[in-house]
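Notes for the one structure printed next.
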Amino acid sequence: MTDESILHNIRILDFTWVLAGPYATRLLADFGAEVIKVQPLLPEADDGFGRGYYNTWNRNKLGITLDLDKPEGVAVARRLAGISDAVVESFTPRVMANWGLDYESLREVKPDIIMLSMSTMGATGLWRDYAGFGPTVQAFSGMTYLTSFPGRPPLGPGFSYADHVAGLVAALALLGALEYRRETGEGQYLDVSQVEAMASLSGSAVPGCTAGGGGLEPVGNSSSEAAPHGVYRCKGDDRWCAIAVFDDSQWRGFKRALGNPAWAGDGRFATLAGRLENADELDRLVGEWTREHTAGEVMALLQREGVAAGVVQDARDLANDPQLKGRGFFIELDYPELGRTTSDATPIRLSRTPARYRRAAPLLGQDNGYVYRKLLGMSEDELAGLEGRGVI
Amino acid sequence: MYRVLDLTDAKGMLCSRLLAGMGAEVIRVERPGGDLSGETAGGPSCLYLNSGKRGITLNLESVRGREVFGRLVKTADVLVESFQPGYLDSLGIGYPALCEVSPPLVMASITGFGQDGPYRDYSSADIVAGALGGWLYVSGESETPPLKPSGDQAYYSASLFAAVGIMLALWSRHATGRGQHIDISLQECVAASLDHVLVRYFYGGAVASRQGSLHWNNAFRVFPCADGYILLTLLWQWETLVEWLDSEGMAEDLTGAKWRDREEQLEHLDHIIKVLERWTKTRRVGELVEKGQLMRFPWAEVASVAGFVDSPQLKERGFFVEVREPRSGKTCKFPGAPVKFSRSPWRVGGYPPEAGEDNIRIYQGELGLSGKEIERLVREGVI
């Protein structure tokens with residue numbers, strides 16, 4: 001039993017695209033779920049980056065083509081739902097309903113089906129038909145507004161963080177619903193609003209939700225609990241090191257790492273309250289020291305004294321990071337169109353039943369034969385007919 | 001119902017909160033007389049992060065404390081902790097020891113760098129994980145320092161990964177009867193949530209850099225309006241956009257045919273941005289978002305905190321939940337369900353427990369310790 005992947009007997013019919021949805025199903029496919037990715041007859045993306053992006057988020061999945069704008073295609077989708085444990089989609093709410101593939105319809109073919117929708121705004125509400133991508137979600141949820149420097153226009157993160165968050169929330173919810181089905185025999189409908197998934201991580205910003213009053217306005221890299229706390233310029237071109245000093249013992253370590261300079265003995269910096277109150281001055285002095293060293297030196301000197309510090313790493317640094325590489329964080333898979341490809345492993349490290357990286361993302365319709373013949377039991381004639389009519 | 005023991009600091013508080021949301025009984029174990037995680041404990045969001053948990057105190061550094069802990073572990077399905085690697089082993093209660101006490105136990109460890117590798121014993125913090133994992137370098141403007149995402153997002157994403165891992169391990173346990181150890185590294189969780197950054201490097205050698213609110217592929221950018229900020233697409237449905245501006249006399253030269261050429265657009269993006277900005281500055285956020293969304297532009301209000309708490313959509317869906325503070329009777333709002341389950345609704349949970357609030361109920365009522373034993377444990381500082 002322990003040789004088998006955890007989710008080896010779970011089949012997921014996946015209508016999602018871009019990042020949030022594929023990220024959710026990749027998390028489960030890495031642990032053995034049979035994810036059947038349903039794609040229109042035209043490829044999702046054609047340029048080099050687009051193919052790399054698609055390949056990265058869709059490894060370990062099967063790929064089939066299906067035209068859902070044809071009634072015959074919808075009928076096939078319903079048959080597929082009938083042999084699946086879960087259906088996942090990331091359209092605006094009207095899309096699946098227009099096809100007749102909404103939860104109530106799918107329950108007719110599979111009474112205990114689990115269906116997860118992950119639209120921008122959720123399946124209900126005044127704004128339910130709003131369309132969006134990661135940046136849209138981050139803007140609506142307060143993330144963009146709060147991620148900036150004090151007094152400056154909103155910036156937001158430089159990547160679609162909300163897609164990863166929504167994907168994680170969706171994967172968690174699917175696993176929760178599988179547990180519930182195991183106990184009760186019942187499936188259910190899971191309504192993920194990507195904006196709400198993102199907003200659920202804004203606890204520290206909501207007034208009254210916080211002990212200290214919360215952050216209604218952006219604070220840059222500063223913290224109400226640590227000083228120095230920030231990103232400091234180091235020797236070299238655009239090189240920086242992040243440093244966080246919370247308590248007095250860390251502050252003593254920090255001073256030792258710098259060789260106990262005279263300024264660090266200033267009474268104003270003796271307590272955390274004093275360091276917080278004089279954080280701007282402290283930042284300036286810390287920056288004078290870091291500028292004399294490379295980011296790697298700053299990190300090493302501070303870590304030797306137990307102080308949290310880390311190089312602000314760019315993509316090249318990450319690909320060469322000794323810790324990430326040492327733990328095998330980058331994996332390689334052969335993709336027919338691109339040769340050997342590299343991507344990030346799952347950070348979920350299970351001791352007994354680890355993730356497996358079995359294959360790269362499917363080419364368009366790569367698994368039509370397996371899914372339609374073997375799983376749905378279609379005859380050659382039926383298959384040829386569907387192909388001929390442009391349904392698959 | 002699964003029982004979860006929560007021995008985490010801020011790195012992992014959200015993990016057991018999520019499990020509580022899906023119905024688990026979570027017992028937060030804190031050091032007698034204070035918070036488990038010391039001064040840096042909670043941060044301002046810990047009220048929400050610890051809502052819906054029970055609270056006990058226990059000194060794991062005492063022999064008696066570890067005896068009691070062993071009994072507690074036998075009643076638990078899951079243990080989540082975030083100590084430095086090796087600390088629990090040094091007390092004789094690391095995963096190998098606990099696995100002997102209770103083979104079905106699922107244990108998750110959330111640490112800065114994971115349980116092995118050259119940085120294993122290094123110190124971390126949310127901003128440090130964000131730096132070493134790659135979030136910071138690509139956030140901010142080219143002339144500003146790299147910028148941390150708002151909130152302890154490295155901790156939150158690590159908690160999400162850990163919660164998914166725990167659910168996977170519990171599912172595996174149905175088939176095998178055995179638990180396992182889950183090793184979560186903050187740095188890896190950040191590096192696994194980088195959207196375009198690693199893809200562009202591995203598929204073309206591009207090193208992404210900071211460019212303010214301008215999306216890496218120029219798809220989106222933040223613009224000022226008369227009453228706030230809006231997120232607009234720049235080139236999406238170009239002809240529709242230009243027609244709209246033109247109908248308001250704001251399109252300037254963008255109506256020219258040459259602007260339909262994608263290369264022309266990208267080469268003179270600054271000009272397009274200036275024209276759009278002159279337009280948005282005269283308009284209100286709400287009207288542009290509403291009309292834009294009707295026309296299938298994926299635009300958004302750049303909502304402030306008050307803006308999203310009061311948004312009609314989140315209100316209509318009842319996202320924020322009022323929670324009563326037991327002592328003062330005051331109410332506050334906690335974020336609600338990150339996902340709506342139709343049959344097994346998310347549990348938001350009440351105000352977080354005081355340290356040791358449930359000591360008697362759990363030690364006496366459930367573990368069966370006598371009143372005398374409990375008195376002794378209190379006297380000796382064990383609980």
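The values are calculated or read from the model by the stated rules, or taken from the named source; none is laboratory data. All values derive from a computational prediction rather than experimental measurement. Glycine also receives a Cβ, built like all others from the backbone with ideal geometry; neighbour counts cover every protein chain displayed. Protein only, heavy atoms only, side chains kept; ligands, DNA and RNA dropped before computing areas. Shrake-Rupley method; radii C 1.70, N 1.55, O 1.52, S 1.80 Å.
Some points to look at:
- Only one of the listed residues (A:Asp280, A:Asp334, A:Asp237) is surrounded by fewer than 22 Cβ atoms within 10 Å (Cβ to Cβ), more than 11 Å from chain B (Cβ to nearest Cβ), within 25 Å of the chain's Cα centre (by Cα) and acidic (Asp, Glu). That residue is A:Asp334.
- Test: residue in region B:106-116 that is open to solvent by 30 Å² or more (accessible area, probe 1.4 Å) and under 30 Å from A:Pro228 (Cβ atoms): yes
- Here B:Tyr155 meets each of (1) over 21 Å from B:Leu49 (Cβ atoms); (2) open to solvent by 10 Å² or more (accessible area, probe 1.4 Å); (3) in a helix (DSSP H, G or I) with one exception, condition (1).
- For region B:170-182, the count of residues that are within 19 Å of the chain's Cα centre (by Cα), more than 28 Å from A:Asn320 (Cα to Cα) and in a helix (DSSP H, G or I) is zero.
- Some residue of region B:339-359 being assigned to a helix (DSSP H, G or I) and either surrounded by 14 or more Cβ atoms within 10 Å (Cβ to Cβ) or touching a residue at least 60 places away in the same chain (Cβ under 8 Å) (or both): yes
- Among the helices (runs of 4 or more DSSP H) confined to region A:92-184, the ones with at least 2 residues that are small (Gly, Ala, Ser), open to solvent by less than 20 Å² (accessible area, probe 1.4 Å) and touching a residue at least 12 places away in the same chain (Cβ under 8 Å) are located at A:134-140, A:161-184.
- The one condition from (1) more than 21 Å from B:Val222 (Cβ to Cβ); (2) hydroxyl-bearing (Ser, Thr, Tyr); (3) in contact (Cβ under 8 Å) with a residue 12 or more places away in the chain that B:Thr282 does not meet is (1).
- Residues being assigned to a loop (DSSP other than H, G, I, E, B), open to solvent by 10 Å² or more (accessible area, probe 1.4 Å) and among the small types (Gly, Ala, Ser) - total across region B:83-101: 2
For (1) in the same structural domain as B:Thr280 (by TED's automatic domain parsing); (2) open to solvent by less than 30 Å² (accessible area, probe 1.4 Å), each residue gets a yes or a no:
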residue	(1), (2)
B:Trp299	yes, yes
B:Gln313	no, yes
B:Glu316	no, no
B:Lys330	no, no
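- Whichever residue in region B:288-313 is at the interface with another protein chain (Cβ under 7 Å from one of its Cβ atoms) and free of Cβ contacts under 8 Å to residues at least 40 places away in the same chain and, among such residues, is farthest from A:Ala199 (Cα to Cα): B:Gln293
- Of the residues contained in region B:222-245, none is found to be in a loop (DSSP other than H, G, I, E, B), surrounded by 20 or more Cβ atoms within 10 Å (Cβ to Cβ) and not aliphatic (A, V, I, L, M).
- Selection status of A:Val312, farther than 30 Å from A:Glu4 by Cα, crowded, with 18+ Cβ neighbours inside 10 Å, touching a Leu at 6+ places or on another chain (Cβ under 6 Å) and touching a residue at least 24 places away in the same chain (Cβ under 8 Å): yes
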